[in-house]
Amino acid sequence: MTTSLPLETTFALGGDLPISRLGFGAMRITGPGLYGPPTDRPAMLALLRRAVELGVTFIDTADMYGPFVSEELIAEALHPYPAGLVVGTKGGVVRYGPGQEVLLDATPQHLHEALAGSLRRLKLERLDLYQLHRLDPRVPAERTFAALAQAQQQGLVRHLGLSEVSVEEIKLAQQHFPVASVQNRYSLFDRAAEPVLAYCRAQGIAFIPWFPIGGGQVQETDALQQVAGRHQVSVRQVALSWLLHHAPNVLPIPGTTSLAHLAENRQSLHLSLTAEDMRVLDALGH
């Protein structure tokens with residue numbers, strides 16, 4: 001007899017904000033190349049509302065998505081926000097056109113202006129989670145972290161997070177403020193950030209893997225297909241469920257523009273893998 005492994009479905013962000021461990025990434029609801037409005041605005045508004053109806057309590061976005069479009073759509077669809085919904089956004093990256101290379105700006109002045117803009121677009125007086133999108137090599141990290149700490153002290157943000165950072169950089173940030181979340185690229189087939197995940201787990205920090213299923217293009221290996229077949233689910237659902245089972249502080253944020261894929265992703269939260277499933281899936285990363 002095979003026994004399903006226990007799975008926690010919620011995580012306390014920052015120690016005091018319980019949210020569903022499977023969130024929604026709102027990057028793809030913008031126009032082509034992450035630029036401009038979506039081709040079907042009503043459909044994206046309906047998608048956001050449906051995500052909340054299906055139990056999503058954490059939405060991840062950034063001011064560069066659009067730019068600004070994703071934040072505006074979230075507010076249009078969901079404000080006033082239902083109790084328990086956490087909208088986290090990011091600042092520190094700028095893009096001026098579709099598909100263009102991003103520019104980093106983590107200067108205190110830019111972050112101050114970016115945070116003010118996000119608050120305005122999201123129609124909030126305080127953000128539950130504000131994350132530095134990227135460290136800027138032109139700016140001493142201490143200056144950037146001090147600016148974020150100041151915003152928290154001013155009551156503009158409840159919790160602060162980081163994205164694409166090393167363990168050493170997290171430790172440096174922790175000298176300025178409690179780090180509530182870290183977003184690094186990570187998935188079943190991309191585990192370069194494993195040391196960062198391990199540190200975050202030990203520290204009680206939420207680890208939010210971006211590109212959690214490779215943009216939807218999961219490598220359909222025989223082993224992965226066999227696990228999916230045993231549970232009669234898709235390989236995408238297995239890849240998401242593996243993340244949830246791998247460590248209790250992992251909060252995947254799969255994004256989609258499809259109502260069907262949204263519902264399929266949500267079902268992953270209730271897929272219980274066995275120890276044998278995890279042994280097979282763990283081996284895929286080696």
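For the reader, a short list of remarks on this structure follows.
- Looking across the stretch 19-36 at every residue that is of a type in the set (A, V, I, L, M) and open to solvent by 10 Å² or more (accessible area, probe 1.4 Å), the one that is nearest to PRO82 (Cα to Cα) is identified as MET27.
- The stretch 102-128, residues that are at pLDDT 95 or above and part of a loop (DSSP other than H, G, I, E, B): ASP105, ALA106, THR107, LYS123, LEU124, GLU125, ARG126
- Residues being in a helix (DSSP H, G or I), of a type outside the set (A, V, I, L, M) and open to solvent by less than 30 Å² (accessible area, probe 1.4 Å) - total across the stretch 129-152: 2
- Among the candidates GLY161, GLY155, the residue that is under 22 Å from VAL86 (Cα atoms) and either surrounded by fewer than 16 Cβ atoms within 10 Å (Cβ to Cβ) or of a type in the set (Lys, Arg) (or both) is uniquely GLY155.
- Among residues of the stretch 235-271, those that are assigned to a loop (DSSP other than H, G, I, E, B) and either open to solvent by less than 30 Å² (accessible area, probe 1.4 Å) or modelled with pLDDT under 95 (or both), counted: 9
- Search result, residues across the stretch 229-244 that are in contact with a helix residue (DSSP H, G or I) (Cβ under 6 Å, 6 or more places away or on another chain) and either among the acidic types (Asp, Glu) or under 18 Å from ILE19 (Cα atoms) (or both): LEU240, SER241
- Enumeration of residues in the stretch 164-198 that are under 27 Å from LYS123 (Cβ atoms), of a type outside the set (Gly, Ala, Ser), in contact (Cβ under 8 Å) with a residue 40 or more places away in the chain and crowded, with 17+ Cβ neighbours inside 10 Å: GLN183
The values are calculated or read from the model by the stated rules, or taken from the named source; none is laboratory data. Every value quoted in this text rests on a predicted model; they were computed, and no experiment measured them. FYI the Cβ positions are ideal-geometry reconstructions off the backbone, even for glycines, and counts take in every protein chain you see. Calculation scope for accessible area: heavy atoms of the full protein, side chains included, ligands and nucleic acids excluded. Shrake-Rupley method; radii C 1.70, N 1.55, O 1.52, S 1.80 Å.
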